[in-house]
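The values are calculated or read from the model by the stated rules, or taken from the named source; none is laboratory data. In this text the structure is predicted, and so the values were computed from the model without any measurement. Cβ placement follows ideal geometry from the backbone for every residue including glycine, while neighbour counts extend to all protein chains displayed.
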């Protein structure tokens with residue numbers, strides 16, 4: 001079977017599954033509370049996977065993701081309130097009209113966030129390590145200050161009147177597209193250049209990789225996908241407040257990818273789901289909820305610092321010691337296998 005035909009069949013199957021699940025949730029066949037949590041998981045997946053592109057695969061320490069999310073959320077909300085609803089009405093006001101309006105709002109939010117990522121990335125991605133983290137954190141706070149003082153989007157009171165579109169299909173379609181885009185980037189020549197920058201930026205430069213260009217491109221793509229996540233959030237409850245995008249939100253997304261494992265797409269998905277469901281699951285503990293939540297994160301980071309699906313390098317030494325014990329004291333071990341002679345996951349040349 002040709003590859004393009006196989007990919008088309010997979011895409012149609014995914015669309016069919018999403019459409020069927022959307023029908024189930026819209027029909028309230030499942031408790032609306034669980035439906036809400038599941039949709040929030042979808043938004044978190046988009047945010048976590050997009051941040052992992054720059055932090056996990058490119059090796060840059062960005063902690064201003066909530067700022068790009070805010071740009072996408074507010075720009076799309078402004079478009080929907082002032083133009084999107086009129087567009088949907090002119091198209092008949094039916095489901096098709098709202099789909100077109102929401103699609104355009106998503107594009108507006110993603111493009112606006114991508115432009116913001118470009119504006120921040122060009123000057124700041126020449127920096128490295130903690131300096132880059134400080135710049136991105138400052139950008140996120142600047143966005144919050146601006147939003148608090150722009151009356152056109154409600155200022156500190158927040159922005160209301162946004163059309164509410166709680167669509168399982170749309171939320172998880174964006175999440176799936178984000179996963180597919182990041183997966184294809186990572187498994188391309190562009191992705192190999194990003195990984196080389198993460199492993200050793202000086203060596204990558206010496207081999208002719210334009211590190212600044214690649215980092216800026218990854219930053220813009222990551223920012224655009226964060227903006228798409230912001231669009232989903234804006235239309236989920238129909239209300240936005242600048243306080244929702246302060247640095248705590250950036251740290252929350254950062255914890256998701258650290259929990260799941262930096263450089264792991266599946267880990268980002270798992271981390272997003274766990275950190276979205278866990279606070280809700282602990283609501284029964286009332287005032288001790290956040291204490292238990294924090295303790296669980298601390299214990300996990302101590303026992304599994306590489307994340308749930310991160311590298312297993314930390315356990316290689318333990319496996320070797322167990323193997324030596326099982327071989328006995330006679331020292332009759334066979335010659336090392338290829339997997340044992342690997343250093344850092346790669347076979348020496």
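Might you let me know whether the stretch 116-126 holds any residue that is surrounded by 19 or more Cβ atoms within 10 Å (Cβ to Cβ), at positive phi and in contact (Cβ under 8 Å) with a residue 24 or more places away in the chain? No; the residues of the stretch 116-126 include none that is surrounded by 19 or more Cβ atoms within 10 Å (Cβ to Cβ), at positive phi and in contact (Cβ under 8 Å) with a residue 24 or more places away in the chain. Regarding residue 267, is this residue touching a helix residue (DSSP H, G or I) at 6+ places or on another chain (Cβ under 9 Å), closer than 12 Å to residue 50 by Cα, in contact (Cβ under 8 Å) with a residue 12 or more places away in the chain and in a helix (DSSP H, G or I)? Answer is no for this residue.
Of all residues in the stretch 154-172, how many are touching a strand residue (DSSP E or B) at 6+ places or on another chain (Cβ under 6 Å) and surrounded by 21 or more Cβ atoms within 10 Å (Cβ to Cβ)? Of the residues in the stretch 154-172, 1 are touching a strand residue (DSSP E or B) at 6+ places or on another chain (Cβ under 6 Å) and surrounded by 21 or more Cβ atoms within 10 Å (Cβ to Cβ).
Answer yes or no as to whether residue 128 is over 30 Å from residue 28 (Cα atoms), more than 17 Å from the chain's Cα centre (by Cα) and not in a helix (DSSP H, G or I). Against the criterion (over 30 Å from residue 28 (Cα atoms), more than 17 Å from the chain's Cα centre (by Cα) and not in a helix (DSSP H, G or I)), residue 128 qualifies.
In summary, residue 28 fulfils each of the numbered conditions (1) at positive phi; (2) touching a helix residue (DSSP H, G or I) at 6+ places or on another chain (Cβ under 7 Å); (3) surrounded by fewer than 19 Cβ atoms within 10 Å (Cβ to Cβ) with the single exception of condition (2). Every listed requirement among (1) surrounded by 20 or more Cβ atoms within 10 Å (Cβ to Cβ); (2) within 30 Å of residue 16 (Cα to Cα); (3) under 18 Å from the mean Cα position of the chain (by Cα) is met by residue 112 save one, (2).
On the stretch given as the stretch 180-223, residues that are outside any helix (DSSP H, G or I) and either surrounded by 14 or more Cβ atoms within 10 Å (Cβ to Cβ) or in contact with a strand residue (DSSP E or B) (Cβ under 9 Å, 6 or more places away or on another chain) (or both) total 1. When you scan the stretch 136-153, do you find a residue that is modelled with pLDDT of 85 or more, surrounded by 16 or more Cβ atoms within 10 Å (Cβ to Cβ) and touching a strand residue (DSSP E or B) at 6+ places or on another chain (Cβ under 9 Å), even just one? Scanning the stretch 136-153 turns up at least one residue that is modelled with pLDDT of 85 or more, surrounded by 16 or more Cβ atoms within 10 Å (Cβ to Cβ) and touching a strand residue (DSSP E or B) at 6+ places or on another chain (Cβ under 9 Å).
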